[in-house]
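Student: So that we are looking at the same thing, I have put the structure below in C-alpha coordinates.
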Amino acid sequence: MKSNNIKTHFDRNVFLTFLVLLVVGLILISFKINSKVDCGNPDFKIIANSFTTEDLIEFNSIDDSGVEWEWDFGDKTNTKFQSNVAHQFTKPGTYKVALRVNGQCDVVKEITINEKKELISPELIPNIILPTNVKVGEEVVFSSDAPFAESWQWSFGESLHIDGTNKEEKYTFKSPGEKTILLVVNGDRRHESRRRIVVLDSRGERQVITPRNRVDPIETALDNINDSLVLPPTVTVPEPVVEPEVKKIVVSSDEILQMLVGYSERRLDDRAMRSYFCYSSIPVFNKSGKRYTVNQLFNAIRDQKIEINSLNLRKKEDTGCITSMTIDMKIKRGLFSKTF
(Lines give C-alpha, C1' and ligand atoms only; values in the text may rest on other atoms or scores of the structure.)
Protein backbone atom coordinates (compact mmCIF):
# COMPACT_ATOMS: atom_id res chain seq x y z
CA MET A 1 0.00 0.00 0.00
CA LYS A 2 1.36 3.32 -1.05
CA SER A 3 1.23 6.29 1.32
CA ASN A 4 0.17 9.68 -0.11
CA ASN A 5 2.29 12.69 0.68
CA ILE A 6 0.21 15.40 2.45
CA LYS A 7 1.18 18.89 1.41
CA THR A 8 0.05 22.02 3.22
CA HIS A 9 -0.84 24.92 0.94
CA PHE A 10 -0.79 28.48 2.45
CA ASP A 11 -2.55 31.12 0.36
CA ARG A 12 -0.35 34.17 0.03
CA ASN A 13 -3.33 36.51 -0.58
CA VAL A 14 -4.88 35.58 2.77
CA PHE A 15 -1.65 36.40 4.52
CA LEU A 16 -1.36 39.82 2.84
CA THR A 17 -4.98 40.67 3.67
CA PHE A 18 -4.44 39.79 7.33
CA LEU A 19 -1.27 41.87 7.41
CA VAL A 20 -3.00 44.94 5.90
CA LEU A 21 -5.87 44.74 8.40
CA LEU A 22 -3.43 44.48 11.27
CA VAL A 23 -1.50 47.56 10.14
CA VAL A 24 -4.72 49.59 9.65
CA GLY A 25 -5.92 48.60 13.12
CA LEU A 26 -2.66 49.64 14.73
CA ILE A 27 -2.81 53.00 12.89
CA LEU A 28 -6.37 53.65 14.10
CA ILE A 29 -5.50 52.78 17.70
CA SER A 30 -2.43 55.00 17.56
CA PHE A 31 -4.45 57.89 16.10
CA LYS A 32 -7.11 57.57 18.78
CA ILE A 33 -4.50 57.59 21.54
CA ASN A 34 -2.61 60.54 20.09
CA SER A 35 -5.75 62.55 19.32
CA LYS A 36 -6.86 62.59 22.94
CA VAL A 37 -6.61 66.23 24.08
CA ASP A 38 -5.17 67.28 27.42
CA CYS A 39 -7.62 70.06 28.30
CA GLY A 40 -5.46 71.59 30.98
CA ASN A 41 -7.30 74.72 32.14
CA PRO A 42 -9.45 76.18 29.33
CA ASP A 43 -10.74 79.64 30.16
CA PHE A 44 -11.85 82.92 28.61
CA LYS A 45 -12.12 86.51 29.71
CA ILE A 46 -14.99 88.94 29.25
CA ILE A 47 -14.17 92.53 28.29
CA ALA A 48 -16.78 95.31 28.55
CA ASN A 49 -17.24 98.69 30.23
CA SER A 50 -20.80 97.77 31.15
CA PHE A 51 -23.23 94.93 30.55
CA THR A 52 -26.42 96.25 28.97
CA THR A 53 -28.44 95.53 25.84
CA GLU A 54 -26.69 98.38 24.05
CA ASP A 55 -23.12 97.15 24.72
CA LEU A 56 -20.91 95.10 22.39
CA ILE A 57 -19.13 92.64 24.72
CA GLU A 58 -15.81 90.99 23.81
CA PHE A 59 -15.00 87.35 24.70
CA ASN A 60 -11.37 86.21 24.44
CA SER A 61 -10.10 82.61 24.80
CA ILE A 62 -6.93 82.46 26.93
CA ASP A 63 -6.02 78.79 26.32
CA ASP A 64 -2.72 78.66 24.36
CA SER A 65 -3.33 75.06 23.23
CA GLY A 66 -6.53 75.93 21.39
CA VAL A 67 -6.83 75.39 17.64
CA GLU A 68 -10.63 75.14 17.38
CA TRP A 69 -13.24 77.19 19.24
CA GLU A 70 -17.02 77.02 19.48
CA TRP A 71 -18.94 79.80 21.29
CA ASP A 72 -22.54 79.43 22.52
CA PHE A 73 -23.96 82.59 24.11
CA GLY A 74 -27.14 81.02 25.50
CA ASP A 75 -29.47 83.38 23.60
CA LYS A 76 -30.28 81.10 20.63
CA THR A 77 -27.95 82.98 18.27
CA ASN A 78 -25.57 81.28 15.81
CA THR A 79 -22.41 79.59 17.08
CA LYS A 80 -19.15 81.47 16.48
CA PHE A 81 -15.83 79.78 15.76
CA GLN A 82 -13.03 82.31 16.41
CA SER A 83 -10.82 82.52 19.47
CA ASN A 84 -11.79 86.16 20.07
CA VAL A 85 -15.38 87.19 19.36
CA ALA A 86 -17.72 90.09 20.09
CA HIS A 87 -21.41 89.67 20.88
CA GLN A 88 -24.39 91.88 21.72
CA PHE A 89 -27.32 90.60 23.78
CA THR A 90 -30.64 92.07 22.67
CA LYS A 91 -32.67 91.26 25.80
CA PRO A 92 -31.88 91.72 29.51
CA GLY A 93 -31.40 88.60 31.60
CA THR A 94 -28.87 86.05 32.84
CA TYR A 95 -27.07 83.97 30.19
CA LYS A 96 -24.67 81.01 30.28
CA VAL A 97 -21.81 81.59 27.84
CA ALA A 98 -20.13 78.29 26.86
CA LEU A 99 -16.78 77.83 25.08
CA ARG A 100 -15.62 74.47 23.66
CA VAL A 101 -11.92 74.28 22.80
CA ASN A 102 -10.52 71.65 20.40
CA GLY A 103 -13.88 69.87 20.30
CA GLN A 104 -13.56 68.44 23.82
CA CYS A 105 -12.64 71.03 26.46
CA ASP A 106 -15.60 73.01 27.85
CA VAL A 107 -15.85 76.09 30.07
CA VAL A 108 -19.06 77.91 31.04
CA LYS A 109 -19.51 81.34 32.62
CA GLU A 110 -22.65 83.21 33.65
CA ILE A 111 -23.25 86.81 32.59
CA THR A 112 -26.07 89.18 33.58
CA ILE A 113 -27.29 91.71 31.02
CA ASN A 114 -29.25 94.78 32.18
CA GLU A 115 -31.53 97.07 30.25
CA LYS A 116 -29.84 99.91 28.43
CA LYS A 117 -29.14 102.97 30.53
CA GLU A 118 -31.51 105.86 30.27
CA LEU A 119 -29.24 108.87 30.05
CA ILE A 120 -30.38 112.26 31.26
CA SER A 121 -29.77 115.26 28.97
CA PRO A 122 -29.57 118.44 31.09
CA GLU A 123 -30.64 120.59 28.14
CA LEU A 124 -34.02 118.77 28.08
CA ILE A 125 -34.86 119.59 31.71
CA PRO A 126 -37.27 122.56 31.63
CA ASN A 127 -36.60 125.67 33.68
CA ILE A 128 -39.31 126.74 36.14
CA ILE A 129 -39.84 130.45 36.69
CA LEU A 130 -41.32 131.09 40.13
CA PRO A 131 -41.51 134.00 42.60
CA THR A 132 -39.19 134.45 45.56
CA ASN A 133 -41.83 135.16 48.23
CA VAL A 134 -45.03 133.11 48.41
CA LYS A 135 -47.80 133.41 51.01
CA VAL A 136 -50.93 131.46 51.77
CA GLY A 137 -53.98 132.94 50.00
CA GLU A 138 -52.02 134.94 47.41
CA GLU A 139 -52.28 134.06 43.71
CA VAL A 140 -48.90 133.01 42.31
CA VAL A 141 -47.86 132.74 38.65
CA PHE A 142 -45.64 129.85 37.50
CA SER A 143 -44.22 129.52 33.98
CA SER A 144 -41.45 127.88 31.96
CA ASP A 145 -39.24 129.28 29.19
CA ALA A 146 -38.28 125.88 27.68
CA PRO A 147 -38.23 126.50 23.88
CA PHE A 148 -38.72 122.79 23.06
CA ALA A 149 -41.89 122.36 25.16
CA GLU A 150 -45.14 121.57 23.37
CA SER A 151 -47.17 120.32 26.35
CA TRP A 152 -46.96 121.02 30.10
CA GLN A 153 -48.04 119.18 33.24
CA TRP A 154 -47.86 121.05 36.56
CA SER A 155 -48.24 119.88 40.14
CA PHE A 156 -47.85 122.32 43.03
CA GLY A 157 -47.49 119.86 45.92
CA GLU A 158 -50.86 120.24 47.61
CA SER A 159 -53.06 117.81 45.70
CA LEU A 160 -52.87 114.26 44.39
CA HIS A 161 -53.52 115.20 40.77
CA ILE A 162 -52.14 117.40 37.98
CA ASP A 163 -52.90 121.07 38.73
CA GLY A 164 -52.45 122.56 35.25
CA THR A 165 -51.56 121.86 31.61
CA ASN A 166 -50.70 125.33 30.26
CA LYS A 167 -47.34 127.01 29.72
CA GLU A 168 -48.25 129.57 32.41
CA GLU A 169 -50.34 128.61 35.42
CA LYS A 170 -51.76 130.57 38.35
CA TYR A 171 -52.13 128.92 41.73
CA THR A 172 -53.13 129.91 45.27
CA PHE A 173 -51.59 127.93 48.10
CA LYS A 174 -53.97 126.88 50.85
CA SER A 175 -51.46 125.89 53.54
CA PRO A 176 -47.97 126.98 54.66
CA GLY A 177 -44.84 124.83 54.51
CA GLU A 178 -42.28 123.50 52.06
CA LYS A 179 -43.79 122.58 48.69
CA THR A 180 -42.40 120.74 45.66
CA ILE A 181 -43.19 122.26 42.27
CA LEU A 182 -43.14 119.61 39.52
CA LEU A 183 -43.12 120.28 35.77
CA VAL A 184 -43.12 117.61 33.04
CA VAL A 185 -43.00 118.79 29.43
CA ASN A 186 -43.83 116.71 26.35
CA GLY A 187 -44.73 113.80 28.63
CA ASP A 188 -41.00 113.13 29.27
CA ARG A 189 -40.80 111.85 32.86
CA ARG A 190 -37.03 111.24 32.62
CA HIS A 191 -36.42 114.98 32.26
CA GLU A 192 -38.90 116.24 34.84
CA SER A 193 -38.05 119.45 36.68
CA ARG A 194 -38.55 120.00 40.42
CA ARG A 195 -38.22 123.11 42.53
CA ARG A 196 -38.72 123.49 46.26
CA ILE A 197 -40.29 126.63 47.69
CA VAL A 198 -41.41 127.65 51.17
CA VAL A 199 -44.95 128.98 51.48
CA LEU A 200 -45.28 131.45 54.35
CA ASP A 201 -48.43 131.88 56.37
CA SER A 202 -50.64 134.89 55.81
CA ARG A 203 -48.52 136.93 58.27
CA GLY A 204 -45.34 136.19 56.31
CA GLU A 205 -43.90 133.79 58.90
CA ARG A 206 -42.47 130.36 58.23
CA GLN A 207 -43.94 127.32 60.01
CA VAL A 208 -42.16 123.99 60.52
CA ILE A 209 -44.06 120.96 59.24
CA THR A 210 -43.21 117.41 60.23
CA PRO A 211 -42.46 115.15 57.27
CA ARG A 212 -42.71 111.91 59.27
CA ASN A 213 -45.40 109.42 58.23
CA ARG A 214 -46.76 111.89 55.66
CA VAL A 215 -47.60 111.08 52.05
CA ASP A 216 -45.96 113.58 49.72
CA PRO A 217 -48.59 114.69 47.17
CA ILE A 218 -45.93 115.20 44.51
CA GLU A 219 -45.11 111.47 44.49
CA THR A 220 -48.76 110.57 43.90
CA ALA A 221 -49.02 113.24 41.20
CA LEU A 222 -46.11 111.58 39.37
CA ASP A 223 -48.09 108.33 39.16
CA ASN A 224 -50.97 110.21 37.54
CA ILE A 225 -48.89 111.78 34.76
CA ASN A 226 -49.28 110.10 31.36
CA ASP A 227 -49.05 110.97 27.72
CA SER A 228 -52.80 111.37 27.29
CA LEU A 229 -52.91 114.34 29.70
CA VAL A 230 -56.19 113.05 31.17
CA LEU A 231 -56.75 114.59 34.60
CA PRO A 232 -58.13 112.29 37.32
CA PRO A 233 -60.80 113.54 39.72
CA THR A 234 -59.75 116.00 42.39
CA VAL A 235 -58.97 114.40 45.74
CA THR A 236 -59.27 116.40 48.92
CA VAL A 237 -56.01 116.39 50.85
CA PRO A 238 -56.09 116.85 54.62
CA GLU A 239 -54.23 119.86 55.97
CA PRO A 240 -50.74 118.90 57.15
CA VAL A 241 -50.14 118.78 60.87
CA VAL A 242 -48.21 121.80 62.15
CA GLU A 243 -45.64 120.98 64.81
CA PRO A 244 -43.62 123.52 66.82
CA GLU A 245 -40.47 121.36 66.50
CA VAL A 246 -39.26 118.43 64.43
CA LYS A 247 -37.10 115.79 66.05
CA LYS A 248 -34.24 114.87 63.70
CA ILE A 249 -34.33 111.28 62.49
CA VAL A 250 -31.12 109.31 63.01
CA VAL A 251 -30.74 106.08 61.05
CA SER A 252 -27.74 104.52 59.28
CA SER A 253 -27.47 102.64 55.98
CA ASP A 254 -26.54 99.49 57.89
CA GLU A 255 -29.70 99.73 60.02
CA ILE A 256 -31.91 100.07 56.93
CA LEU A 257 -30.00 97.18 55.31
CA GLN A 258 -30.76 94.94 58.31
CA MET A 259 -34.41 96.01 58.18
CA LEU A 260 -34.61 95.02 54.49
CA VAL A 261 -33.20 91.59 55.34
CA GLY A 262 -35.68 91.27 58.20
CA TYR A 263 -38.55 92.26 55.91
CA SER A 264 -37.49 89.68 53.31
CA GLU A 265 -37.55 87.00 56.04
CA ARG A 266 -40.90 88.24 57.46
CA ARG A 267 -39.37 89.23 60.79
CA LEU A 268 -40.80 92.76 60.52
CA ASP A 269 -43.19 94.71 58.31
CA ASP A 270 -42.52 97.70 56.08
CA ARG A 271 -43.91 100.22 58.59
CA ALA A 272 -40.70 99.99 60.60
CA MET A 273 -38.77 101.35 57.61
CA ARG A 274 -41.37 103.80 56.29
CA SER A 275 -41.19 105.73 59.57
CA TYR A 276 -37.71 106.86 58.50
CA PHE A 277 -38.86 108.04 55.04
CA CYS A 278 -39.69 111.67 54.26
CA TYR A 279 -42.59 110.37 52.18
CA SER A 280 -44.49 107.11 52.19
CA SER A 281 -43.30 106.20 48.69
CA ILE A 282 -39.69 107.28 48.11
CA PRO A 283 -37.83 106.44 44.87
CA VAL A 284 -35.32 103.55 44.84
CA PHE A 285 -32.48 103.32 42.29
CA ASN A 286 -30.46 100.22 41.40
CA LYS A 287 -26.72 100.34 40.64
CA SER A 288 -27.47 100.97 36.95
CA GLY A 289 -29.52 104.06 37.78
CA LYS A 290 -32.93 102.59 36.97
CA ARG A 291 -35.70 104.05 39.12
CA TYR A 292 -38.23 101.97 41.06
CA THR A 293 -40.82 102.77 43.73
CA VAL A 294 -40.19 101.56 47.26
CA ASN A 295 -43.29 99.36 46.91
CA GLN A 296 -41.63 97.57 43.97
CA LEU A 297 -38.57 96.98 46.16
CA PHE A 298 -40.66 95.53 48.98
CA ASN A 299 -42.56 93.23 46.58
CA ALA A 300 -39.30 92.02 44.97
CA ILE A 301 -37.62 90.95 48.23
CA ARG A 302 -40.54 89.52 50.22
CA ASP A 303 -39.91 85.81 51.02
CA GLN A 304 -36.67 85.89 48.98
CA LYS A 305 -33.00 85.38 49.85
CA ILE A 306 -31.21 88.65 49.21
CA GLU A 307 -27.57 89.72 49.10
CA ILE A 308 -27.03 93.48 49.47
CA ASN A 309 -23.58 94.64 48.38
CA SER A 310 -24.13 98.33 49.10
CA LEU A 311 -26.89 100.69 50.21
CA ASN A 312 -26.68 104.48 49.99
CA LEU A 313 -29.26 106.77 51.57
CA ARG A 314 -30.09 110.32 50.57
CA LYS A 315 -31.45 112.38 53.46
CA LYS A 316 -32.68 115.86 54.27
CA GLU A 317 -30.11 117.76 56.26
CA ASP A 318 -32.58 119.45 58.60
CA THR A 319 -34.81 116.47 59.48
CA GLY A 320 -32.61 113.45 58.69
CA CYS A 321 -35.46 111.65 56.93
CA ILE A 322 -34.70 109.56 53.83
CA THR A 323 -35.66 110.98 50.42
CA SER A 324 -34.27 108.17 48.20
CA MET A 325 -32.14 105.00 48.24
CA THR A 326 -29.57 103.53 45.86
CA ILE A 327 -29.12 99.78 46.30
CA ASP A 328 -26.80 97.17 44.79
CA MET A 329 -28.55 93.89 45.48
CA LYS A 330 -28.93 90.34 44.19
CA ILE A 331 -32.01 88.17 44.71
CA LYS A 332 -31.08 84.48 45.02
CA ARG A 333 -33.34 81.79 43.56
CA GLY A 334 -31.90 78.30 43.98
CA LEU A 335 -28.51 78.07 42.27
CA PHE A 336 -29.06 81.30 40.37
CA SER A 337 -29.28 84.96 41.35
CA LYS A 338 -30.89 87.97 39.74
CA THR A 339 -29.64 91.54 40.00
CA PHE A 340 -32.26 94.00 41.21
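The values are calculated or read from the model by the stated rules, or taken from the named source; none is laboratory data. Values in this document were obtained by computation on a predicted structure and should not be read as measured data. Positions of Cβ are generated from backbone atoms using ideal geometry, with glycine treated the same way; all protein chains shown enter the neighbour counts. Each accessible area value is taken on the protein alone, full model and side chains, heavy atoms only, with ligands, DNA and RNA left out. Shrake-Rupley method; radii C 1.70, N 1.55, O 1.52, S 1.80 Å.
Student: If the limit is 31 Å between Cα atoms, which of 91/315; 167/287; 135/316; 109/290; 109/316; 174/315 go over it?
Tutor: As for pairs spanning more than 31 Å Cα to Cα, those are 91/315; 167/287; 109/316.
Student: Give the accessible area for residue 72 in Å² (nearest 10); use a 1.4 Å probe, count only protein heavy atoms, and leave out ligands, DNA and RNA.
Tutor: It works out to around 80 Å².
Student: Around residue 171, under 12 Å between beta carbons, what's the net of Lys plus Arg minus Asp minus Glu among the other residues?
Tutor: Details: positive: 170, 174, 179; negative: 138, 139, 158, 163, 168, 169.
Spelling it out: positives minus negatives among the neighbours equals -3.
Student: Report residue 112's accessible area, 1.4 Å probe, all protein chains in place, as a number in Å² to the nearest 10.
Tutor: Here the residue's solvent-accessible area equals roughly 50 Å².
Student: What are the residues whose amide H is under 5 Å from the amide H of residue 287, where those residues sit 5 or more places off or on another chain and H is modelled from the backbone?
Tutor: 327, 329
Student: With only Lys, Arg, Asp and Glu charged, each at its Cβ (+1 for the first two, -1 for the last two), find how big the charge dipole of segment 125-188 is about the Cα centre; round to the nearest 20 debye.
Tutor: So the dipole magnitude of segment 125-188 works out to roughly 160 debye.
Student: Could you please state, rounded to a whole Å, how far the C-alpha centre of segment 294-314 is from the C-alpha centre of segment 52-86?
Tutor: Answer, in whole Å: 34.
Student: Moving on. What do you reckon, how do 268, 21, 16 stack up by accessible area (1.4 Å probe), largest on top?
Tutor: In descending accessible area the options line up as 21, 16, 268.
Student: Give me the net charge of residue 304's neighbourhood, meaning all other residues with Cβ under 12 Å from the Cβ of residue 304; Lys, Arg count +1, Asp, Glu -1.
Tutor: In short, +4.
Student: So what does residue 51 come to for accessible area, using a 1.4 Å probe and Å² rounded to 10?
Tutor: Rounded to the nearest 10, the figure is 70 Å².
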